[in-house]
Amino acid sequence: MPRARTFLWIASAIMLATAGFHFMGWFLARGQFAGPAQPLVELMWFSLDVDWLVVAGLWFAAGYGGAALLRPLVIISAIIPLAAAVAMFFVIGPAFFGLWLLGLAGAVAIIGAIRLGDEAMAVTPPV
């Protein structure tokens, strides 16, 4: 079975790719938001990208450091892509590719966090 850091790095790479796809999607979708609300929609659009990049950075750092203390933080931060995936499933529909990327990233991060805690317990010497 792969190590916890492998799962966390894969989840981080998926989130990074998802943020990149989302960023590029603005140039296709901006015509739909023309008008006075466009700056607000643009701010919301790019704040999602920044949010996903921060989560990807957190997961990468947790995988790099391998500290079991980061396990709860990784599990809590996995709520962000999972909640977005569930919302997209009900609002846009299951045919939208982005929701599967977000769901996969969240699931892989949770697996990595669980393995991170198991590996930390396995190397702790008995008292």
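Per this entry, Ala29 is not counted among residues that are part of a helix (DSSP H, G or I) and either under 10 Å from the mean Cα position of the chain (by Cα) or touching a residue at least 60 places away in the same chain (Cβ under 8 Å) (or both). Collect the residues in segment 111-127 that are open to solvent by 30 Å² or more (accessible area, probe 1.4 Å) and at pLDDT 65 or above, keeping them in residue-number order. Result: Ile111, Ile114, Arg115, Asp118.
To keep it simple, each residue is scored yes or no on (1) of a type in the set (D, E, K, R); (2) surrounded by 14 or more Cβ atoms within 10 Å (Cβ to Cβ); (3) at positive phi; (4) in contact with a strand residue (DSSP E or B) (Cβ under 7 Å, 6 or more places away or on another chain).
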| site | (1), (2), (3), (4) |
| --- | --- |
| Arg30 | yes, no, no, no |
| Met44 | no, no, no, no |
| Met88 | no, yes, no, no |
| Trp100 | no, yes, no, no |
| Ala109 | no, yes, no, no |
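Among the residues of segment 7-22, some residue qualifies, meaning at least one is in contact with a Lys or Arg (Cβ under 7 Å, 6 or more places away or on another chain) and either of a type in the set (S, T, N, Q) or at pLDDT below 95 (or both). Taking Ala107 as the residue in question, decide whether it is under 30 Å from Pro2 (Cβ atoms) and not β-branched (Val, Ile, Thr). Here the answer is yes, as Ala107 does meet what is asked.
Contact annotation: residue pairs with Cβ atoms under 7 Å, 6 or more positions apart or on different chains, pairing a residue in segment 74-88 that is over 13 Å from Ala62 (Cα atoms) and touching a residue at least 40 places away in the same chain (Cβ under 8 Å) with a partner that is of a type in the set (Val, Ile, Thr) and open to solvent by less than 60 Å² (accessible area, probe 1.4 Å), are Pro81/Val55.
Screening Ala17 with (1) open to solvent by less than 50 Å² (accessible area, probe 1.4 Å); (2) free of Cβ contacts under 8 Å to residues at least 60 places away in the same chain gives one miss only, at (2). Taking the conditions exactly as written (at pLDDT 90 or above and within 17 Å of Leu8 (Cβ to Cβ)), does Ile76 satisfy them or not? So Ile76 passes the test.
The values are calculated or read from the model by the stated rules, or taken from the named source; none is laboratory data. Since this is a predicted model, take the numbers as computed values, not measurements. A quick note on method: Cβ atoms are made from the backbone with ideal geometry, for glycine too, and the neighbour counts reach across all protein chains shown. Quick note on the areas: whole protein, heavy atoms, side chains included, nothing else; ligands and nucleic acids left out. Shrake-Rupley method; radii C 1.70, N 1.55, O 1.52, S 1.80 Å.
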